[in-house]
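Report on the structure given below.
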Amino acid sequence: MIQRKSLLIGFLLVLFAFQSCSRKTGHHGELTGVQDAAMKPAPSDGYADEGWEMYAPEDNWDEEKPDPFGNESYDEIVENEFRLVKDQPLSTFSVDVDRASYANIRRMLNFDQLPPANAVRIEEMINYFNYSYPDPMDDAPIALYSELSDCPWNPAHKLARIALKGKSLDLKEAPKSNLVFLLDVSGSMSDYDKLPLLKKSLKLLVNNMREEDRVAIVVYASASGLVLGSTSARKKDKIIAALEKLDAGGSTAGGEGLRLAYKVAEENFIKNGNNRVILATDGDFNVGESSDEAMVKLIEEKRESGIFISVLGFGRGNLKDSKMEKIADKGNGNYAYIDNLLEAKKVLVKEMGGTLFTIAKDVKLQVEFNPTHVTSYRLIGYENRLLKNEDFNDDKKDAGEMGAGHSVTALYELIPAGTETDVTASIDPLKYQETNKTSAANSYELMQVKFRYKEPDGDTSKLISQAVLNGHENWNGASQDFRFAACVAHFGLILRNSQYMKAGNYESLIKESKSAKGEDDEGYRAEFIQLLEKAALISPDEKAE
């Protein structure tokens, strides 16, 4: 009997220990409570510490790890095709100064994950970097530059670079700012790289504002509310204290928050000032006015009053990139993704003028190619910025905005006249086309580049036009900026598994990027090369030769 009791007691002790362990680890080995907090990595203020493991050790799992990017949403990108110049001589698109895609790609690569193709917007990758374009010399707020060289991923083709450079602004003389922080404090924002990073990021901005600037704070979760009325930036402690008190919880009433933020901005409107809503979120508007169409309509209505909107994206796993990009595009603003505090400093401090102060709106580019020198062309990126040719002269057609000091770079891959190509191989010669060429067609002009822009408070566009001659430098003679921008585009083509990337591998691209790095005081180009090296390690073998 005693022996049976001993066995029973022993069995109960083992069972109790097993249940206690189960309560600590939860289902499938996921850590909870104090242990869970201990496993979470400390927030990083830079890039160096971002290689931490985001999951418990492998032997604590009896199922596969979840996909950390599984619930993120991106609009589909269908790559621009080659177009025959004799059939479609004009290429028209809206400028794009967003840089979110590059920072988002960096975040994924730092988690040892290749980004999905639709997360790769090549124009945003190129425009993430600063290039040594001179400021405009005349009264125009934008200057136009161009360069032509060989195409590094297809030596039989040429690569044309078209660049716009916005006039820089002395922030001491900048217009007064009326800012409304519209902050998502819903439950999805509780992760360390969301609301905690958001608060640190906005504190950087507040600390660099002038006394004459003003800030209000609106939050939204299950409902929206005014946390801080419009307050002079000389009361930085009061603004920062309001930020510090914010906690995450509840669902997301995004539409209600937007309406309240615009109301506060209108009540404190500064004539000839910088009136702007800054939306900071992971983009998950899931309660209330949630459809993209309703959001866009609201923002389009409000931008006409002179209140623009910029978007800061945060976090992983639930990022609604497609929604945030639409909001910024339609609100005469820009979209940045903040993956760490160094990126916040870049966007909100070092590039504060470009982020906050619009110098030109509705900026459109149109290029006409000369069939004497170009058989066909392909615009690299800008797929969601394409315009109809007639939109170029239509001042009612909305287009992109440029901030102070911003630059925009576009690359065209060109097939020179006389080059055999698959683009024309399946097309029979045309019988009824005009054969007499104009004097311009017989000239050395490769293309005519035009762009239109409006003043920030203007309704009528201004036109600047420039002819680009056919002479070009070989690849080794091209400028370092040109070659580096081409390397960034090449990386984007590889990440997208582009059908138009016919040559090159990571080994040669890394070598070329190092050669083209040039001046890099901030280290962004060196970091790009590190990302190339990381991508090579985690890519399929055929891409990492």
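Which pairs break 30 Å Cα to Cα here: LYS346/LYS514; LYS271/LYS346; LYS345/LYS450? Don't jump to the answer; show the numbers that get you there.
Numbers: LYS346/LYS514 22 Å; LYS271/LYS346 28 Å; LYS345/LYS450 34 Å.
Result: LYS345/LYS450 exceed 30 Å.
Extent along the principal axes, Cα only, for segment 275-390: 54, 34, 32 Å, with the longest axis given first.
Of the three principal axes defined by the Cα atoms of segment 261-342, the extents in descending order read 40, 32, 19 Å. Using the Karplus relation 6.51 cos²θ - 1.76 cosθ + 1.60 with θ = phi - 60°, the per-residue 3J(HN,Hα) values for segment 91-101 come to 10, 10, 7, 8, 5, 9, 10, 5, 10, 4, 4 Hz, with x marking Gly and Pro. Coupling constants for segment 489-496 follow from the phi torsions by the Karplus curve (6.51 cos²θ - 1.76 cosθ + 1.60, θ = phi - 60°), and in residue order they are 4, 4, 4, x, 5, 5, 4, 7 Hz; glycine and proline get x.
Karplus-based coupling profile of segment 225-234, in residue order and whole Hz: x, 8, 7, 9, x, 4, 10, 4, 5, 6, with θ = phi - 60° in 6.51 cos²θ - 1.76 cosθ + 1.60 and x standing for Gly or Pro.
If you take the alpha carbon radius of gyration of segment 147-298 and divide it by 2.2 N^0.38 Å, what ratio comes out, to two decimals? The partial results should precede the final answer.
Values: Rg = 19.6 Å, N = 152, 2.2 N^0.38 = 14.8 Å.
Here the answer is 1.32, to two decimals.
You can think of it this way: the chain between GLU211 and GLU522 has 109.1 nm of extra reach, that is 0.36 nm per residue less the Cα-Cα gap. In terms of distances greater than 19 angstrom between alpha carbons, the cross-link table entries LYS172/LYS361; LYS330/LYS454; LYS158/LYS502; LYS263/LYS302 yield LYS172/LYS361. Ranking ASN127, SER188, VAL218 by Cα position along the charge dipole of segment 95-222, where only Lys, Arg, Asp and Glu carry charges on their C-beta atoms, puts SER188 farthest toward the positive end.
Every read-out reported here was derived from the displayed coordinates using simple, explicitly stated rules and does not represent laboratory data. Values in this document were obtained by computation on a predicted structure and should not be read as measured data. Every residue, glycine among them, receives a Cβ derived from its backbone with ideal geometry; neighbour counts consider all protein chains shown.
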